[in-house]
Amino acid sequence: MNMEEIKDVLADEDVQKILKAAYRVPKNPVEISETYGIPIAKTYRKIKVLEDVGLLKKAYVKKDWKGKRSVYYKTSWDDVYVTYNGGSLKIRFETLMDMSSALRQRILTP
């Protein structure tokens, strides 16, 4: 998927709700669906798209007392920066690893 397609995915209101729900705190599709009023089938489809483009990842799988599995998802980034300049939209995702290497660079560079 190219950057234009990712921008189209991010423009979707339901995708934005899913990303908001899974930001820093893992959520399962049922929780997301119930919290934001997104139909469950649509929630699963959007989660699959977000996984495919690398914006969402499986955090863990939890089993209930009946043995039913529930997958919890979390954003694969910690911060996102969106800028619009001269008709160009730029999106930058930053992970904790990126931040620590950036900090390391600042510390090591005189």
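No value in this document is a laboratory result; all are computed from the given coordinates. Owing to the predicted nature of the structure, the values given are computational and were not obtained by experimental measurement. Cβ atoms come from the backbone with ideal geometry, glycine included; neighbour counts cover every protein chain shown.
At-a-glance table
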quantity	calculated
Sites residue 34 and residue 88, calculated FRET efficiency, Cβ-Cβ separation with R0 35 Å, nearest 0.05	0.40
Cβ charges +1 (Lys, Arg) and -1 (Asp, Glu), total dipole of region 1-76, debye	600
